[in-house]
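Novice: Provided herewith is a single structure, encoded as structure tokens, for subsequent inquiry.
Nothing in this text is a laboratory measurement; each read-out follows from the coordinates by a stated rule. The model shown is predicted, which means the values in this text are computed figures rather than measured ones. For neighbour counting, all protein chains shown are included, and Cβ atoms are generated from backbone atoms with ideal geometry for every residue, glycine included.
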Amino acid sequence: MNILHVRLEGRGTSATLESRDVGEDWAAAAAPTFKRARRQGHDAGVRLEWIGDTTSDPFMIENPAPPAWVDAITPTDGDALVRLRLRRGAGGDLLRVELEIRDEAGDLTSRALQRSGLGAIVTEVERILGAYAVSRVLGTAWRREVHRPGRGGRPDVFYAEKAAAYVAAHAAESRAPVRYLVEQAEREGRERETADQWRAWLNRARARGLLTKAPPGQPGGRLTAKGKRLLRDAGIGGAG
């Protein structure tokens, strides 16, 4: 038995299956691939790993046995690597059961940890598991339906994360929380997020039962129990 991993190509539309020895350190095995991608100017993406049998080609098995867990490995903005071990919950949702961070520089700060985007990792893994080439080797139990862009095209956890950010922004600036979020994104150098985008995200969060309605004529709202559960299961710290 080896640790199998999928190298993704073309935003997860195809995949190449590789393996490493069970005893080989996961960070030492993954780091060269990520560093090479960074040197070549490519998106490092997410590397999936699980225990598998290499005596037969998983791509040729009609119904491969699904693994009990899948590791999602991805780099942060610096040199640190994050490994998020996932398993399937009773409802088929992905749950974090173990988190490990390796940083060669030894100076991983709490701010850098926040930037690692654990929720974004889970969201990206959800998308990746919808690729036929990936689900083909993980078995149908790990198959995830990925919606096309447009109405309902993002998972609930995405809107729960936006709702949590809005709740925190309202606590910091109750009169104009959306403007606060837009200015915060600009300060942090993220891709420009407009006020209209934020309003659309919040409307969708409310429609999905993740954020309560605001008082008439005023900004506001609270995370619902469903929103808090999604963030907790994804390992994302959410505001109350």
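Novice: Given the options Gly189, Gly235, Gly217, identify the residue whose Cα lies farthest towards the positive end of the charge dipole of segment 154-240 (+1 on Cβ of Lys, Arg; -1 on Cβ of Asp, Glu).
Specialist: Working it through, the farthest residue towards the positive pole turns out to be Gly217.
Novice: Treating the beta-carbon of each Lys and Arg as +1 and of each Asp and Glu as -1, no other charges, what is the dipole magnitude of segment 156-233 about its Cα centre, to the nearest 20 debye? Write down the numbers at each step before the final one.
Specialist: Values: 16 positive and 10 negative charges, 88 e Å.
Using only the charged Cβ atoms, the result is roughly 420 debye.
Novice: Return the lysines within reach of Lys162: Cα separation strictly under 29 angstrom, same-chain partners fewer than 8 residues apart disregarded; answer none if there are no such residues.
Specialist: Lys213, Lys226, Lys228
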